[in-house]
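None of the figures in this text is laboratory data; all of them are computed from the coordinates on show. Predicted model only: the values in this text are computed from it and were never measured. Heads up, the Cβs are rebuilt from the backbone with ideal geometry, glycines too, and the neighbour counts pull from every protein chain shown.
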Amino acid sequence: MKLSELTLDREGLAAAIACEDAAFEAALREEAYRVKVDTIGPEVYLRGLIEISNICVKNCLYCGIRRDIRSQRYELSEEEVLATARIATRRRFGSVVIQGGERTDAAFVRKITRLLKEIKAIDTGDAPSLGVTLSLGEQSREVYEEWFDAGAHRYLLRIESSNPDLYHKIHPNDSLHAYDRRVRALYDLKEIGYQAGTGAMIGMPFQTPEDLADDLLFYKKFDAPMVGMGPYNPHPETPLTLTGTPYPSAERRFALGLKMIALLRLLMPDINIAAATALEVLDPRGREKGLLSGANVIMPNITPEEQMVKYNLYDRKTLNASDVQDLVDRGIVIGYGRWGDSKHFQKK
Ligand code: 5AD
Ligand code: SF4
């Protein structure tokens, strides 16, 4: 397939996703990078990632911190989260993401509310207060409102797969893991006023090129101001891995991950697209390659190391944590001290 033959409808996207021609894939990535620079400029925004806890009430079949896996659980104290947020300020990251397993108990909800108020009060000198994105799963509308009022302005909730059948194949079949509930949560977030980001895993068992094309069209239909998607990386102890269902090779999943970023950039030129951590696990220069394929956000992991190693969604021993100097050295332009809202959202 040639780049000039690409169309951005379902059929065209699926054909591009299925095409494994290296020259086509490289041309597509270059084109997406050009569109990014032309539309939103060369700058890359940083979000310091704080993994607050690996305790989770859910049991997603692909995830290494699912409820049924016996692993050492941790929860950062309020002081630890604040100290980490202060590090983000000192490093001029401009914003943080608080991510963790899903919990809906009142103690946890209140803790997040308090933390949001405290983080917003951190002295940032001349710079705006730290921007805060939450990524804490499905919550009631009231809880989303409480956190929004406390100062969170962005929320990440991946749809994981936009195909309800595939969604149900990779999740237990119960009301806690219902596709419709997840979609409802995304629309709740948007209605409350969050910049609601979503995304999906790429290269999963059972997943077809058409499914991936539909994921892209889902982001478009939802009008997502930000998207974070990344390759599926098998975790050895999860049901999805243990059942032995085949999935693409590491090399293909990586190429697919970059290709999805590039196609999304062409489909939605002015949104924020993250080069996900999962890319880095597959290639030591994964983040940089994601940025050169059209992504404009990276999330350096600033979780204290002792806990970071326990947040094992998948095997990520090779993760190069929070250093961004390598990117600067290679000429990537970093938007220090900025919230980095998407141009798409600002226009509304
Ligand atoms: N491979 C890749 N991504 C995963 N996630 C969970 N398990 C895996 C895995 N095995 C992602 C999910 C979730 C995010 C926190 O981590 O997409 O939304
Ligand atoms: Fe919990 Fe998220 Fe893992 Fe599902 S993917 S088990 S909700 S941490």
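Descriptive notes on the structure:
- The order of the peptides 298-307, 32-41 by mean Cβ neighbours within 10 Å, most packed first, is 298-307, 32-41.
- Inter-label distance, nm, simple model (7 Å from Cα along the C-beta direction), residue 91/residue 106: 3.7 nm
- Calculated from backbone phi, Karplus (6.51, -1.76, 1.60) coupling profile of segment 15-31 in Hz, x at Gly/Pro: 5, 5, 5, 6, 6, 9, 5, 4, 5, 4, 4, 5, 5, 5, 5, 5, 4
- Values of log10 I(q)/I(0), in the order q = 0.10, 0.12, 0.13, 0.14 Å⁻¹, for the chain under a Debye, Cα-only, solvent-free model: -0.55, -0.82, -0.99, -1.18
- Using the Cβ-Cβ distance between residue 333 and residue 4 with R0 set to 25 Å, the FRET efficiency from 1/(1 + (r/R0)^6) comes to roughly 0.25.
- Cross-link pairs beyond the 18 Å C-alpha cut-off, checked among 58/220; 220/343; 2/221: 58/220; 2/221
- Peptides ranked, highest mean first, by Cβ atoms within 10 Å: ranges 4-10, 276-282: 276-282, 4-10
- Total charge dipole magnitude, the chain, about the Cα centre, Cβ charges on Lys, Arg, Asp, Glu only, Debye to nearest 20: 400 debye
- The stretch between residue 191 and residue 325 holds 44.4 nm of extra length on full extension. This uses 0.36 nm per residue minus the Cα-Cα distance.
- Rounded to the nearest 5, the antiparallel percentage of DSSP beta bridges internal to the chain is 5%.
- Summary of the geometry: segment 179-255 and segment 1-61, compared by the centres of their Cα atoms, lie 12 Å apart.
- Oblate is the label for segment 204-318, because a/c, from the alpha-carbon gyration tensor with a ≥ b ≥ c as root eigenvalues, is 1.5 or above and a/b does not exceed b/c.
- When peptides 123-132, 284-293 are ranked by their average number of other Cβ atoms within 10 Å per residue, the highest-first order is 284-293, 123-132.
- Using 0.36 nm per residue and subtracting the Cα-Cα separation, the extra length available between residue 123 and residue 22 on full extension is 31.5 nm.
- Computing FRET efficiency as 1/(1 + (r/R0)^6) for residue 37 and residue 72, where r is the C-beta to C-beta distance and R0 is 35 Å, gives about 0.20.
- Residue of 79, 30, 43 that the Gaussian network model of the chain assigns the largest fluctuation, springs spanning Cα pairs under 10 Å: 79
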